[in-house]
Each structure stands twice: as structure tokens, then as C-alpha cells.
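What follows is a set of notes on a single structure, which appears directly below.
The values are calculated or read from the model by the stated rules, or taken from the named source; none is laboratory data. This structure is a prediction, so every number in the text was calculated from the model and none was measured. Cβ placement follows ideal geometry from the backbone for every residue including glycine, while neighbour counts extend to all protein chains displayed. All accessible areas refer to the heavy atoms of the entire protein, side chains included, with ligands and DNA or RNA removed. Shrake-Rupley method; radii C 1.70, N 1.55, O 1.52, S 1.80 Å.
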Amino acid sequence: MNQDEAKRRAARAAMRYVEPGMIVGVGTGSTVAHFIDALAERRHDIAGAVSSSEWSSQRLRAHGIEVLDLNATGELPLYVDGADECDGAKCLIKGGGAALTREKIVAAASRRFVCVIDASKRVEVLGRFPLPIEVIPMARSHVARELVRRGGQPVWRDGVVTDNGNWILDVHNLRISAPLALEAELNQIAGVVTVGLFAARRADVVLIGDEVMP
Ligand code: 5RP
């Protein structure tokens, strides 16, 4: 099975968690694109979506799905999103699509986080995929120095501006054996907006293709 087909299967499998009348939290990326397409088939059956990026909002609206403001919806029953890496404890690296801040917000505001991936994303130890960190532009060099002090190799994703007007550093060379502790530590660096480690709010359910990860 090719990678895109595995992503499509995972996205379709996530539809099992969508119930009538729900407001669904929607992530960002090529796997989520398949989920949005599947959700469109049930658009009359759901109350709308809360989106984690301008890109996903456009795709949702193009399919006739209403995009709602998280401030108006309250807590969500379900959030569906992809990931760049997933370890055995369902901790994730996210942010390959630069949408990590809104993704983390919607995940935090949701009771159940269903993560949809293909098998290539499943790793024993996080860190092969460079860790994305969203930073306030004026803090880029300061944050980069702090990351070097911790053994990372930050690379500025030049030319990319997030939906929030910020920049991204991709940190290479990290072997993340304690994701919860590293997330907390990196969150303390002045100028960091969001760390693409999803450990404090990790996935509740991971679908690898159409299989539920044990
Ligand atoms: C975007 C993300 C995506 O979920 C992640 O990059 C995976 O993307 P894809 O489904 O295209 O492989 O975190 O910020």
C-alpha cells in the first residue's frame, strides 16, 4: 500500500469517532485533507468544525462545512489530526505544516484526540523528524542559541510565516527520550510560542492506516 493510501485509510477510519450533531476539531495536513473529504460526505449530520489553520478552513468551507470559532463552541468532543512522528506512548511531533500552535490549542480544548498516521510515522524514540518550534520573529536568534546549548541544531524555515505571523525553527539532532520534560523545558524559553512536541496533551487514539495502535 502506498503512503497516501495509508493516510486515506487512517482518515476514513477516524470517521468512526464522528457522531451526529458533533462539532469536530480538524487538524492540518495531507492526511487531514482526506479526513475533510470524508467529513464532507456527512456535512448535514454534524454541527460544524473548528479548524487549526487557514488552509483547513478553506478546504472545509469549500466542502460546505461551517467553520466555527473555538471561543463560541466551548470544549470539543473530538479532534482529528495527523502527526510527523508518534512514539509508543502516543506522544507526537507535529508542525511539519507550520500549524502547530492552533493545532495544540484545538487539541487542548478537545476531550478526545484521534491521531491519523501512516506506518512510517511510528518511531521508538521521537526526534528523527526535526522538531518544529514556532517563535516570535525578534526572538529567532535568541531561541536558536538556547536550542544549541541544549544540543539541538536549529534551522530557520526561511520564507515560512505561520497563520499567527510568526516564524518556525526546525531543530535537528534531538533524541527525545523524555518528551514531557523537554516540552516543559522548551516552553520556558523566552520567545517560544509553541513547541511541536505534543506530550502533555498527547493523542488518545492513534490510527495507523485503519488499525488502532495498542
Ligand atoms: C501540520 C502537522 C501535520 O499533522 C503533520 O505535518 C503531518 O502531515 P501529513 O498528514 O501531511 O503527513 O502537524 O502542522
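Averaged across orientations, what area in nm² does the convex hull of the alpha carbons in region 1-148 project? Please list the in-between numbers first.
Numbers: hull surface 39.2 nm².
Averaged projected hull area, Cα only: 9.8 nm².
Set the Förster radius R0 to 25 Å, insert the Cβ-Cβ distance between Thr73 and Asn187 as r into 1/(1 + (r/R0)^6), and round the FRET efficiency to 0.05.
Using R0 = 25 Å, I get an efficiency of 0.45.
Relative contact order for the chain using alpha-carbon pairs under 8 Å, separation at least 6, rounded to a whole percent? All intermediate terms of the calculation are to be shown ahead of the outcome.
Values: 473 pairs, mean separation 50.8, N = 214.
Normalised by residue count, the contact order of the chain is 24 percent.
Take peptides 97-104, 160-167, 14-21 and line them up by average Cβ neighbours within 10 Å, highest first, as a rough protection proxy. Don't skip to the answer; put the middle values down first.
Details: 97-104: 24.9, 160-167: 16.2, 14-21: 14.4.
Those peptides, ordered most packed to least, come out 97-104, 160-167, 14-21.
Take the solvent-accessible surface of the protein heavy atoms, probe 1.4 Å, and return the percent of it on the chain that carbon and sulfur atoms account for. Display every interim value, and only then the final one.
Working: 4740 of 9550 Å².
On the chain, the fraction of accessible area on carbon and sulfur atoms equals 50 percent.
For n ≥ 4 DSSP H runs only, could you compute -39500 (n - 2.57) per run for the chain, divide by its residues and tell me the 222 nm figure to the nearest 500?
Details: 7 runs with 63 residues, N = 214.
So the calculated ellipticity at 222 nm is -8500 deg cm²/dmol.
Gain in length, Met1 to Arg111, computed as 0.36 nm per residue apart minus the alpha-carbon separation, to one decimal in nm?
Values: separation 110, 0.36 × 110 = 39.60 nm, distance 3.19 nm.
Answer, rounded to one decimal: 36.4 nm.
Restricting to Cα pairs below 8 Å that are 6+ residues apart, what does the relative contact order work out to for region 1-79? Please round to a whole percent.
34
Once label points are set 7 Å from the Cα along Cα→Cβ at both Arg145 and Asp45, what is their separation, rounded to one decimal in nm?
5.6
Would you compute the Debye intensity of region 60-214 from its alpha-carbon atoms alone, equal scatterers and no solvent, and pass along log10 I(q)/I(0) at q = 0.09, 0.11, 0.19 Å⁻¹ to two decimals?
-0.29, -0.43, -1.20
Using a basic spin-label model with each label point 7 Å from the Cα along Cα→Cβ, how many nm lie between Asp210 and Val125?
Reported label-point gap for Asp210 and Val125 is 3.6 nm.
Please compute the Kirkwood hydrodynamic radius of region 131-196 from all pairs of different C-alpha atoms, in Å with one decimal. Please list the in-between numbers first.
Values: mean 1/r = 0.0854 Å⁻¹.
Radius from the Kirkwood sum: 11.7 Å.
Rounded to the nearest 20 Debye, what is the dipole magnitude of the chain about its Cα centre when Lys and Arg each give +1 and Asp and Glu each give -1 at the C-beta? Each step should come with its number before you reach the end.
Numbers: 26 positive and 27 negative charges, 60 e Å.
Roughly 280 debye, rounded to the nearest 20.
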